[in-house]
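Encoded as structure tokens, the structure appears first; notes follow it.
Quick note: the coordinates plus some simple rules give every number you see, no bench work behind them. Being a predicted model, the structure only gives us computed values, none of them experimental. In this analysis, Cβ positions are derived from the backbone assuming ideal geometry, glycine residues included, and neighbour counts consider all displayed protein chains.
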Amino acid sequence: MARTILVVEDDDAARRGLLALLDDAGYRTLEAATLRKGRELLARENPDLVIVDVRLGGDNGLQLVAMAPRPVPAIVTTGFRDASLEADARLFGADFLVKPITPSVLLKLIEQKLAAASEQQAGSSRRWPRRHVSTAVDARMGDSPARILDVGYGGVRLEIEARGGMALPTSFRLTLGNVSVGANVVWNRQEGETWQCGAAITEEYQPVWRDVVDAIA
């Protein structure tokens, strides 16, 4: 059975090109031009791999990877080289390619990721397990009070009160008790009087963050 790849890209020409390449290579393809549609297809169709552009209108494509309902191999694409963005993608287990993308490079990477996913599934392990926090966990995002909603070894989802005119930083210190770690915002959205955001813990703080995750979830 052909493996299924979901392509989430808001540029029509780029999306059609990727779909044609993948179809010719024997893959079954799904397509979305928005983050919302990508989420729907990811949840409903259970693809084997996702290719997603970082910039989807006003949304960050990394959100699709960070908040996926299950672990899924992913390749993040962008037209601009950004070391910080690449680091965030890799924290969530995604590979990072800068456009224009060489077809042979993309197809080889897809093969490698699908093979690695099969081996990982056989071992029944998850690279960045997400865990729901059963009780309220208070923290601080910089100087602002925040509540942890769920966690994983690679990152955290937070809720912060949307005080008048506040803007979320792109990076911050996350403090829980006497533990303080560095984090980078991957996505954010405002819901009424609160912000929700997903953040990737920076690599140097991964060991201590794993201990935090095991303690609170």
> Taking amide hydrogens as modeled 1.01 Å from N in the peptide plane, which residues meet the under 5 Å criterion relative to residue 149, leaving out close sequence neighbours?
Replying inline: 157, 158, 159
> Non-local amide H neighbours of residue 195 (under 5 Å, H modeled in plane, Pro and chain starts lacking H): which ones?
Replying inline: 160, 161, 162
> With each pseudo-label sitting 7 Å past Cα toward Cβ, what's the residue 80-residue 161 distance in nm, one decimal?
Replying inline: 3.4
>> Skipping prolines and chain starts, which residues have an amide H placed within reach, meaning under 5 Å, of the one on residue 179, given they are 5 or more residues away or on another chain?
In response: none
>> Output needed for region 130-216: three equivalent-ellipsoid semi-axes, defined as square roots of 5 times the C-alpha gyration tensor eigenvalues, in descending order, whole Å.
In response: 20, 14, 12
> Using 0.36 nm per residue, how much length does the chain from residue 114 to residue 204 gain when fully extended, once their Cα-Cα distance is taken away?
Replying inline: 29.6 nm
> What shape does region 4-122 have by the C-alpha gyration tensor, where a ≥ b ≥ c are the square roots of the eigenvalues, rounded means a/c under 1.5, and otherwise prolate means a/b greater than b/c and oblate the rest?
Replying inline: rounded
> If r is the Cβ-Cβ distance from residue 190 to residue 216 and R0 is 25 Å, what FRET efficiency results, to the nearest 0.05?
Replying inline: 0.50
>> Multiplying the sequence separation of residue 149 and residue 23 by 0.36 nm and subtracting their Cα-Cα distance, what value in nm do you get?
In response: 41.5 nm
> When only DSSP loop residues count, what GluC sites (Glu not before Pro) in region 142-207 have their Cβ near at most 10 other Cβ atoms within 10 Å?
Replying inline: 193
> Using only the Cα atoms of the chain, what do you get for the radius of gyration and for Dmax, in Å?
Replying inline: 17.7, 54
>> Report the gain in length on full extension from residue 179 to residue 12: 0.36 nm times residue separation, minus Cα-Cα distance, nm rounded to one decimal.
In response: 55.6 nm
> Once both axes come from the Cα atoms, what is the angle between helix 12-24 and the longest principal axis of the chain, in degrees from 0 to 90, rounded to 10?
Replying inline: 60
>> Going Cα to Cα from residue 99, which lysines come in below 20 Å? Please leave out same-chain ones fewer than 8 positions away.
In response: 108, 113
